[in-house]
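Beneath this line is the structure, given in structure tokens, with notes to follow.
The values are calculated or read from the model by the stated rules, or taken from the named source; none is laboratory data. On a predicted model such as this, the values are computed, not experimentally measured, just so you know. Here the Cβ positions follow ideal geometry from the backbone for every residue, glycine too, while neighbour counts run over all protein chains shown.
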Amino acid sequence: MPDTRDEHQDIRDAVRDLCRQFPDAYFRKIDEQRGYPEAFVAALIGAGWLAAMIPEEYGGSGLGLTAASVIMEEINRSGGNAAAVHGQMYNMGTLLRSGSPAQKAKYLPDIAAGKLRIQSMAVTEPGAGTDTTRIKTSAVRKDGRYVVNGQKVWISRVQHSDLMVLLARTTPLAEVQKKSEGMSIFIVDLRQAIGKGLRVQPIANMVNHETNELFFDNLEIPEENLIGEEGKGFKYILEGLNAERALIAAECIGDGYWFVDRASRYAKDRVVFDRPIGQNQGVQFPIADAFIEVEAANLMRFKACALFDAQLPCGAEANMAKYLAAKASWEAANVCLQTHGGFGFASEYDVERKFRETRLYQVAPISTNLIFSYVAEHLLGLPRSF
Ligand SMILES: Cc1cc2nc3c(=O)[nH]c(=O)nc-3n(C[C@H](O)[C@H](O)[C@H](O)COP(=O)(O)OP(=O)(O)OC[C@H]3O[C@@H](n4cnc5c(N)ncnc54)[C@H](O)[C@@H]3O)c2cc1C
């Protein structure tokens, strides 16, 4: 596969070097054990990669979203899975944009130094699903504290994070004028919360994506852990989603290149009917098709990142990049599996693992239909459907 060099080549080379220490067998074993890639994450933190977007004044590298997305891309392109760490890249953005000077001074230097992890964000609830404004988890102010009750679902990396960004209702839905009002975000110190008002129940799932149900039973959060203004939390969360979408798009691009690369390699090596299977156009065309789709999606990913870095509106591009990249990586996954025939199902080729991993991104963190709905309504002016 052509390895085009770009202006981020130094980052690419450095992340590739680090990832080489964690070959396929490492991630395969972690997947089999449903474990967490501790050593890999420690290496990334140690090299400062997860502090990429934290401004230099707080000890980070002060890089933009484009550079951060290259880091995520390279992890997935190497055969790993950035899902173990991507929360750290965008969750700190919520603090950076909406946190008070005191909160930034308290948390950001330690996050940049790798002493604190902010890997988790708790938004989704079983009863609300994609309709976030229907969340029922409540935070009630009482004697200098907020008391939280309710339930969340699919909340990732809770066991490997110190801090979690929580969205909860501070004013009941029935009492607000606009349904997007009355929600607030908080920093939850998981080290203090778990077992003292917060119960964490892992969810067995198709990918090795550490994700959980959370049960809040009178969890007390200090008042000073409210981020920004009370009642504006939904807006703050939305502001962070563009970065999340673009980073996930980059991970899908990394996956897509990995699938195309593995499919091409196998198609050249595997001989059936006295010739490499890749000599058959029925085998080579789908791989070429997958490559073209990944390349095209990559353009939208870079467009979204460039707009974000220029502080220009990028909601449409971030959503479209996520849609195109998730689709391209999934199609490439299918082609790669098909090219490998029966061996695509064998764990030792890693195709089935990456196949499962990349499938997630058509559902989370936002499902494909919701992107269509965004584009239809906000770009094409079609009537709201919900
Ligand atoms: C592995 C994993 C990790 C996750 N990690 C996190 C996390 O860390 N934090 C967090 O807060 N959440 C997390 N999520 C939750 C994820 O963001 C949601 O699963 C996702 O947003 C979809 O919500 P839902 O599952 O409730 O689907 P639902 O809202 O129940 O939707 C089900 C299906 O119906 C479609 N649908 C619903 N309404 C409409 C409509 N009006 N028009 C058209 N189609 C519609 C959806 O597109 C979807 O395909 C995670 C999920 C998974 C699987």
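Key figures
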item: Spans of helices (runs of 4 or more DSSP H) in region 264-376 with at least 2 residues farther than 29 Å from ALA128 by Cα, of a type in the set (Val, Ile, Thr) and more than 16 Å from the ligand (Cβ to nearest atom); result: 281-309, 315-339
item: Hits in region 377-386 (condition: within 13 Å of the ligand (Cβ to nearest atom) and assigned to a helix (DSSP H, G or I)); result: GLU377
item: Test result for LYS152, within 16 Å of the ligand (Cβ to nearest atom), surrounded by 23 or more Cβ atoms within 10 Å (Cβ to Cβ) and either not hydroxyl-bearing (Ser, Thr, Tyr) or not assigned by TED's automatic domain parsing to the domain that holds LEU190 (or both); result: yes
item: For GLU73: the one exception among (1) more than 23 Å from SER329 (Cα to Cα); (2) away from the ligand (no atom under 16 Å from the Cβ); (3) of a type outside the set (S, T, N, Q); result: (1)
item: Qualifying strands (runs of 3 or more DSSP E) (wholly inside region 159-216; at least 3 residues being touching a helix residue (DSSP H, G or I) at 6+ places or on another chain (Cβ under 6 Å), among the β-branched types (Val, Ile, Thr) and within 13 Å of the ligand (Cβ to nearest atom)); result: none
item: Test: residue in region 158-166 that is surrounded by fewer than 18 Cβ atoms within 10 Å (Cβ to Cβ), in contact (Cβ under 8 Å) with a residue 40 or more places away in the chain and either of a type in the set (A, V, I, L, M) or in the same structural domain as GLU239 (by TED's automatic domain parsing) (or both); result: no
item: Filter result (buried (at least 20 other Cβ atoms within 10 Å of the Cβ) and either of a type in the set (Val, Ile, Thr) or more than 9 Å from the ligand (Cβ to nearest atom) (or both)) within region 125-138; result: ILE135, THR137
item: Sole residue being without any contact (Cβ under 8 Å) to a residue 24 or more places away in the chain, under 27 Å from the mean Cα position of the chain (by Cα), assigned by TED's automatic domain parsing to the domain that holds VAL351 and under 21 Å from MET92 (Cα atoms), chosen from LEU247, LEU307, LEU241; result: LEU307
item: Region 335-354, residues that are under 10 Å from PHE259 (Cα atoms) and either free of Cβ contacts under 8 Å to residues at least 40 places away in the same chain or assigned by TED's automatic domain parsing to the domain that holds ASN76 (or both); result: LEU337
